[in-house]
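Inspection log for the structure reproduced underneath, given as structure tokens.
The values are calculated or read from the model by the stated rules, or taken from the named source; none is laboratory data. Please read all numbers here as calculations on a predicted model, not as lab measurements. Cβ coordinates were reconstructed from backbone atoms using ideal geometry, including for glycine residues, and neighbour counts include every protein chain displayed. Note: areas computed on protein heavy atoms with side chains; ligands, DNA, RNA excluded. Shrake-Rupley method; radii C 1.70, N 1.55, O 1.52, S 1.80 Å.
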Amino acid sequence: KNYSICSNFINCFSKFQSLIGTIKTRTDWNTKKFMIVGIFGSKGQGKTTYVIKKTLHYDIVLALCGSNELLKRNFKLFDKKHIFKRTLFHEFSDVYEIITQYHKLFRKHKTMIFFDDADFILSSRFDKELNSIFVFSRNYNFDIYYTCKRIKNLSSYVKFNTDTYVFFKYNAAFRDDLNFLSRDLQEKILNLQKFQYIEIQVWHFCFNPL
């Protein structure tokens, strides 16, 4: 089978704590293959919790989010003076500036960029900038994680460059979004329980980004 179902991947929200201590230079980081991971599903199914668990493996995390309380509790708000190990942004323009100006920093430290509700960003005036980040992320030396309620709303640039698709329970009203998957896999995604997800590596199926 080309998929696996995982559940109860984090015991409790409150157990998550920001990493502490001095960030150490990663001597092996330059040889790593950088990933782009898309997390899809309806609201309240566990997408952000999945990402927060992944942040524990990174030295630096830059997160763009509007009003997600879980992120607010575990990140420091960007103040235009510091790059924290866990920095929360409310404006895409600020994230874009940091990525383009300080990308050399990411060569030394294991870095994640997280976009919450990427489909909303793509519907704004920053769609070209976001596309460029996805296309050139390998050159910038960081991993990208993004959440999205509807895969149909993503640009072809984002979909084509995504390496791993993680599906939580999907809204059955938008089942047509999943037509690039087998019927059996669609059924499994639509019937997942809260906090269950199916992870698919992109090379496991033929995907037409157009």
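The table for this structure:
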| item | result |
| --- | --- |
| Cross-link pairs Lys53/Lys76; Lys159/Lys188; Lys72/Lys149; Lys85/Lys194 - those with Cα-Cα distance over 25 Å | Lys85/Lys194 |
| Computed over segment 61-116, the ratio Rg/Rh where both radii use C-alpha atoms and Rh is Kirkwood | 0.93 |
| Per-residue SASA entry for Tyr96, accessible area with 1.4 Å probe, Å² rounded to 10 | 70 Å² |
| Accessible-area value, His57, 1.4 Å probe, nucleic acids and ligands omitted, Å² | 120 Å² |
| Cα-Cα separations in segment 129-174 greater than 11 Å, expressed as whole percent | 71 percent |
| Accessible-area order (highest first, 1.4 angstrom probe) of the listed residues Met112, Met35 | Met35, Met112 |
| Lys194/Lys81 FRET efficiency (R0 41 Å; Cβ-Cβ; nearest 0.05) | 0.55 |
| With DNA, RNA and ligands ignored, accessible area of Glu187 (1.4 Å probe; Å², nearest 10) | 70 Å² |
| For q = 0.09, 0.12, 0.15 Å⁻¹, Debye-computed log10 I/I(0) when each Cα of segment 64-190 counts as one equal scatterer | -0.29, -0.51, -0.77 |
